[in-house]
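S.K.: Take this structure, written in structure tokens, and hold onto it; I'll ask about it next.
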Amino acid sequence: MSKERADSWLYIIVMVAAFGSLMMTASRAAFGAFYIMLLFVAVIFRLYKLLGLGILTFFASDEFYYFVYDTITFQNASSVGHLVEWFLALDSIIANPEGIGLAMSGNRGSVADEVLVGGENQILIYGLQIGVLGMFLYIAILGFGIYKSLLVFRKTEDSNTARIAFVAATTKFGLLLPLFTSNAELYTYVSLFTKWMMGYSLTAYNQLYSTMKSVSGLPQTLA
């Protein structure tokens, strides 16, 4: 048995502790993000038993099952509220594809109520503020950063770099769902720390690419 497999019980303990913490909250986005990250980690490490355990916990309780079902079918007041905000934001983006300016959208604590538009979806907030082009650029940066961080995690021989790349990829992937229900980039610590990790991973990717190219003398890719 490899050392990674032998130490897998540590990760299981972390997952159990995280799930226990989530059970004490009422955040639907947090529940969804947890399962998305669980799926992502299980696929990366091929821990299909862990994935199966996550699926079983979903069906273990009727109350939890209907909690999730009511959320994704928008039968909950909170979910309907998010949906209304998304439609208002989309309507503004269609009317103003180049954006309506910075500080015109976001959380109610940072934007005056009289000018607030669609403050419950980070992706749409960027679309509102800097336009459709900026919104798609933000989505592309997220996808590119997650993909390249995973490549670094798989290819690098530096264990510390691999850890940073793994955390960058999994954290950004796990935050995808909360981006749909909150102005997540407003949380400075989470935003800046994950961006630093992603930038560090992309620097490591460029170094790996340069090394492979200089050794072979031919253009290559790490994919």
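Please treat every number below as a calculation from the coordinates, not as lab data. Keep in mind it's a predicted model, so treat the numbers as computed, not measured. For neighbour counting, all protein chains shown are included, and Cβ atoms are generated from backbone atoms with ideal geometry for every residue, glycine included.
S.K.: Which length gain, in nm to one decimal place, applies between D91 and W9 when the Cα-Cα distance is subtracted from 0.36 nm times their residue separation?
M.R.: 24.7 nm
S.K.: What is the gain in length, in nm to one decimal, between S159 and V84 on full extension, counting 0.36 nm per residue of separation less the C-alpha to C-alpha distance?
M.R.: Net length gain for the segment: 22.5 nm.
S.K.: Could you rank the peptides 162-170, 202-210 by their average count of other C-beta atoms within 10 Å per residue, with the highest value first?
M.R.: Sorting 162-170, 202-210 by mean packing, highest first, produces 162-170, 202-210.
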